[in-house]
1. Would you tally the residues in the stretch B:1-24 being more than 9 Å from every other protein chain (Cβ to nearest Cβ) and either touching a helix residue (DSSP H, G or I) at 6+ places or on another chain (Cβ under 7 Å) or farther than 16 Å from B:PRO94 by Cα (or both)?
2. Would you pick out the residues in the stretch B:30-41 that are in contact with a strand residue (DSSP E or B) (Cβ under 9 Å, 6 or more places away or on another chain), more than 9 Å from chain A (Cβ to nearest Cβ) and not acidic (Asp, Glu)?
3. So B:ALA27 passes all but one of these: (1) modelled with pLDDT under 95; (2) more than 10 Å from every other protein chain (Cβ to nearest Cβ); (3) open to solvent by 50 Å² or more (accessible area, probe 1.4 Å). Which condition number does it fail?
4. Is there a residue in the stretch A:67-76 that is of a type in the set (A, V, I, L, M), closer than 19 Å to B:THR58 by Cα and not in a loop (DSSP other than H, G, I, E, B)?
5. Which one is nearest to the other protein chains (Cβ to nearest Cβ) among residues in the stretch A:80-100 that are more than 12 Å from A:PHE57 (Cα to Cα) and in contact with a His (Cβ under 8 Å, 6 or more places away or on another chain)?
6. Go through the residues of the stretch B:88-100 one by one and say whether even a single one is open to solvent by 10 Å² or more (accessible area, probe 1.4 Å), within 22 Å of A:PRO94 (Cα to Cα) and outside any strand (DSSP E or B).
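The values are calculated or read from the model by the stated rules, or taken from the named source; none is laboratory data. It should be emphasised that the depicted structure is a prediction, and the values quoted were computed from it without experimental measurement. Ideal geometry is used to build each Cβ from the backbone, glycine not excepted, and the neighbour counts take in all protein chains shown. Note: areas computed on protein heavy atoms with side chains; ligands, DNA, RNA excluded. Shrake-Rupley method; radii C 1.70, N 1.55, O 1.52, S 1.80 Å.
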There are 2 protein chains.
Amino acid sequence: MTDFDLQPVGRVRSALKSRSEAPRQAAEGAPMAEVIIAPEFAGALDGIGPGENIWIFTWLHEANRATLRVHPRGNRRNPLTGVFATRSPDRPNPIGLHRAKVLEVDGLTLRVDALEAIDGTPVLDIKPALICEPA
Amino acid sequence: MTDFDLQPVGRVRSALKSRSEAPRQAAEGAPMAEVIIAPEFAGALDGIGPGENIWIFTWLHEANRATLRVHPRGNRRNPLTGVFATRSPDRPNPIGLHRAKVLEVDGLTLRVDALEAIDGTPVLDIKPALICEPA
């Protein structure tokens, strides 16, 4: 493993099976979903419980990493914009950032209230989220 | 490049030269800093301007990736806690998440108001931040 190799720590389990079904943001109708942590990372979950707000970092494995500019929201009427100014999944390092609330922790499974990532998406990290991150 | 290889898109330029000098959060006295984007990713910056709030994703290259539990805030009186329940830089995939405001864009250099990453930290991604991310 070199310095820049990611290791998936888990996977998303979701009713969303394809990118075309997935909303662009959790608030746009994303379903409840589960994050299944791999057994070797169990210790890292200690202290996460129901009611907590978390950031889930994913690897958007179907993204096009060569894309530098997009029409925002996939609408060709929107002018081409650099991907760093958008939430497009297509970008050089397609890291997804998802805010969710933990509903239940059952062993290695976290059930969360809403997640716009598709089934099978690799999970990279979880961090506690503040109610409102400082500006 | 395999699916899980990161490619740095830039670097942090900061007066913070070592991890021991760096505050744990930007709000805890982090200095102004610059993000220098590599020329091949220039197009991805189109549309980022002064006054915008962004998420900067970094690779915390000095982190210990084998750490699964820590004493929060490095204080041994705090009970050992899983790293997914903390903001510790030591974690399986040491991705740093930093909220900042863009002060100036000068070619490939973004000057931001506060950043707790040390000089030379690789930058992985930039995304627009909402004033308050939805809960």
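1. From the stretch B:1-24, those more than 9 Å from every other protein chain (Cβ to nearest Cβ) are B:10-24; that's our starting set.
Now narrow it down to the ones that are either touching a helix residue (DSSP H, G or I) at 6+ places or on another chain (Cβ under 7 Å) or farther than 16 Å from B:PRO94 by Cα (or both): B:10, B:13-18, B:20-21, B:23-24.
Summing the residues that are more than 9 Å from every other protein chain (Cβ to nearest Cβ) and either touching a helix residue (DSSP H, G or I) at 6+ places or on another chain (Cβ under 7 Å) or farther than 16 Å from B:PRO94 by Cα (or both) in the stretch B:1-24 gives 11.
2. B:ALA30, B:MET32, B:ALA33, B:VAL35, B:ILE36, B:ALA38
3. In the conditions (1) modelled with pLDDT under 95; (2) more than 10 Å from every other protein chain (Cβ to nearest Cβ); (3) open to solvent by 50 Å² or more (accessible area, probe 1.4 Å), B:ALA27 misses (2) alone.
4. So far as the stretch A:67-76 goes, no, none of its residues is of a type in the set (A, V, I, L, M), closer than 19 Å to B:THR58 by Cα and not in a loop (DSSP other than H, G, I, E, B).
5. This residue is A:THR81.
6. Within the stretch B:88-100, one or more residues are open to solvent by 10 Å² or more (accessible area, probe 1.4 Å), within 22 Å of A:PRO94 (Cα to Cα) and outside any strand (DSSP E or B).
Residue by residue, here is whether (1) surrounded by 21 or more Cβ atoms within 10 Å (Cβ to Cβ); (2) touching a Ser or Thr at 6+ places or on another chain (Cβ under 6 Å); (3) modelled with pLDDT of 95 or more holds:
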| site | (1), (2), (3) |
| --- | --- |
| B:PHE4 | no, no, no |
| B:SER20 | no, no, no |
| B:ILE56 | yes, no, yes |
| B:ARG65 | no, no, yes |
| B:VAL105 | no, no, yes |
